[in-house]
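Accompanying notes for the structure given below.
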Amino acid sequence: MVDYSEQVRQEVLEKMDLSRDMEDSEIEELISETAARMLHGQKVSIHDRVSLERKVFNSLRKLDALQELVDDPEVSEIMVNGPSHIFYEKAGRVYAWNQGFASEDKMQDVIQQIVGRHNRVVNLSNPIVDTRLADGSRVNIVLSPISIDGSTITIRKFPEHPLTMDALIAKGALTEETAQLLQILVQARYSILISGGTSSGKTTFLNALSQYIPQDERVITIEDSAELQIQGVKNLVRLETRNANMEGVAAITMRDLIKSALRMRPDRIVVGECRGAEAFDMLQALNTGHDGGLSTAHGNSCRDILGRLEMMVLMGMELPLNAIRQQIASGIDIIVHLGRLPDKSRRVVEIAELDGMEEGEIRLRTLWKLVPDGADWTLEKTGRLLHREKLQQTGLLEKFEGLEEGGEGDGLLDLPADA
């Protein structure tokens, strides 16, 4: 069948009443009438007719060639390398998409539509931007010629309903025992950093951990582009950075938001991702009485992320290395490292406790480590939590020790359905 979508689209554009905001239903009716007239007398199946009308509607009111992928709940990532080369990830595997944008100009229209909805600006002066879609999906855009072979759009999708820890257990990401112990550590206000590579599940895991935050606490989330789905917290404040623009609007950075959050009477501060100088302010917050913080950062291992944090602090503040390490060792209690295995599954690879300083180095105690177990892997206990003061202060020490010795969890994971 000849592709009439562009012809239908142009004719519909000519007939649209641009003096007012037309309803989607009006546009759909106009597309249907135009397609019926243009295809009159041709042998076209109902499926092809519906597909053509949907394609035209998506190009006019949605995200054009990307809309079907955005609507597909099984697609986890969308990668656009110029107008004609689109790829998507489903069930851990990457496939080529059989659609594309009609032109570079049409792709640019979609890019401006995406960034315009969330107070972002992308142009030749500011060719790289992070933003999000209406459903919370994370979007990164790099314009040509910075992206040599055409502008790129990368969309990381998140499930409509965030995965709970029970769901992660069912997927084999960690054991029920480990999840229950992490639950107690969150409730006891241990500060936890989640590390891992790209697409290792850091944000998903942070969302799942958030279900253990007591519902009566005041939580402040700080993100470059808002994507966290904190569960069950009623007193929640979500903060998002802002870019500067040509009209003189000043930028609001992660560091600005962390400083402001400290004046908002937080019980906990959750930093979506530490990527730069804001690591210093996060550590300052954790070291000034704001225990129980959660954050994520890119790293190759629990040990590697410590070096990454040092480098991030040095991006914004010239401090002696020993002072930075002291801040890290005092502010962060637990590191949970995630990874993607060869079978594409996402697992907890290591959980480690920070144990102060020794001869200028941060001591790191591995508590659990993922090890081969025949054809599979198992999360093996390799050590005992040393610092138990917060457990003692919150009255959770006995419960933790009971679970640690192999006792029952008394339904700790059985949270309310709406939590």
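The values are calculated or read from the model by the stated rules, or taken from the named source; none is laboratory data. In this text the structure is predicted, and so the values were computed from the model without any measurement. Note: ideal-geometry Cβ built from the backbone for every residue, glycine included; neighbour counts use all protein chains shown. Accessible surface is based on the protein model in full, side chains and every heavy atom, while ligands, DNA and RNA are left aside. Shrake-Rupley method; radii C 1.70, N 1.55, O 1.52, S 1.80 Å.
Overview of values
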quantity: Scan of the stretch 22-48 for residues that are over 13 Å from residue 60 (Cβ atoms), in a loop (DSSP other than H, G, I, E, B) and of a type outside the set (A, V, I, L, M), ordered by number; calculated: 40, 41, 42, 43, 45
quantity: Residue within the stretch 93-103 that is in contact with a Gly (Cβ under 9 Å, 6 or more places away or on another chain) and touching a residue at least 12 places away in the same chain (Cβ under 8 Å) present; calculated: yes
quantity: Residues of the stretch 261-279 satisfying the condition of being out of contact with any His (no Cβ under 8 Å at 6 or more places or on another chain), open to solvent by 10 Å² or more (accessible area, probe 1.4 Å) and among the hydrophobic types (A, V, I, L, M, F, W, C); calculated: 264, 277
quantity: The stretch 218-246, subset open to solvent by less than 20 Å² (accessible area, probe 1.4 Å), in a loop (DSSP other than H, G, I, E, B) and not aliphatic (A, V, I, L, M), residue farthest from residue 259 (Cα to Cα); calculated: 231
quantity: Some residue of the stretch 27-36 being charged (D, E, K, R), closer than 23 Å to residue 101 by Cβ and open to solvent by 30 Å² or more (accessible area, probe 1.4 Å); calculated: yes
quantity: Of residues in the stretch 149-180 being hydroxyl-bearing (Ser, Thr, Tyr) and assigned to a strand (DSSP E or B), the one least open to solvent (accessible area, probe 1.4 Å); calculated: 152
quantity: Verdict on residue 200 being farther than 25 Å from residue 400 by Cβ and either in contact with a strand residue (DSSP E or B) (Cβ under 9 Å, 6 or more places away or on another chain) or among the charged types (D, E, K, R) (or both); calculated: yes
quantity: Test for residue 74: is it under 21 Å from the mean Cα position of the chain (by Cα), farther than 24 Å from residue 239 by Cα, of a type in the set (Asp, Glu) and open to solvent by 50 Å² or more (accessible area, probe 1.4 Å); calculated: yes
quantity: Subset tally (residues that are within 18 Å of the chain's Cα centre (by Cα) and farther than 19 Å from residue 156 by Cβ) for the stretch 258-278; calculated: 3
quantity: Residues that are open to solvent by less than 20 Å² (accessible area, probe 1.4 Å) and either among the hydroxyl-bearing types (Ser, Thr, Tyr) or closer than 30 Å to residue 163 by Cα (or both), drawn from the stretch 77-90; calculated: 78, 80, 86, 89
quantity: Which listed residue is polar (S, T, N, Q) and open to solvent by 10 Å² or more (accessible area, probe 1.4 Å), from 195, 199, 210; calculated: 199
quantity: Tabulated pairs, the stretch 371-390, first open to solvent by 50 Å² or more (accessible area, probe 1.4 Å), second outside any loop (DSSP other than H, G, I, E, B), C-beta under 6 angstrom, 6+ apart or interchain; calculated: 377/370; 380/369; 380/371; 381/368; 382/366; 382/369; 386/355
quantity: In the stretch 94-114, residue surrounded by the fewest Cβ atoms within 10 Å (Cβ to Cβ) [restricted to those that are of a type in the set (A, V, I, L, M, F, W, C) and outside any helix (DSSP H, G or I)]; calculated: 96
quantity: Of residues in the stretch 181-217 being assigned to a loop (DSSP other than H, G, I, E, B) and aliphatic (A, V, I, L, M), the one farthest from residue 275 (Cα to Cα); calculated: 188
quantity: All positions within the stretch 247-260 that are assigned to a loop (DSSP other than H, G, I, E, B), surrounded by fewer than 17 Cβ atoms within 10 Å (Cβ to Cβ) and either touching a helix residue (DSSP H, G or I) at 6+ places or on another chain (Cβ under 9 Å) or of a type in the set (Val, Ile, Thr) (or both); calculated: 249
quantity: Residue count for the stretch 289-323, restricted to those that are touching a Phe, Trp or Tyr at 6+ places or on another chain (Cβ under 8 Å), open to solvent by less than 10 Å² (accessible area, probe 1.4 Å) and in a helix (DSSP H, G or I); calculated: 2
quantity: The stretch 101-131, residues that are over 26 Å from residue 224 (Cβ atoms) and either touching an Asp or Glu at 6+ places or on another chain (Cβ under 9 Å) or among the hydroxyl-bearing types (Ser, Thr, Tyr) (or both); calculated: 101, 102, 103, 106
quantity: The stretch 49-71, residues that are acidic (Asp, Glu) and either part of a loop (DSSP other than H, G, I, E, B) or surrounded by 17 or more Cβ atoms within 10 Å (Cβ to Cβ) (or both); calculated: 53, 64, 68
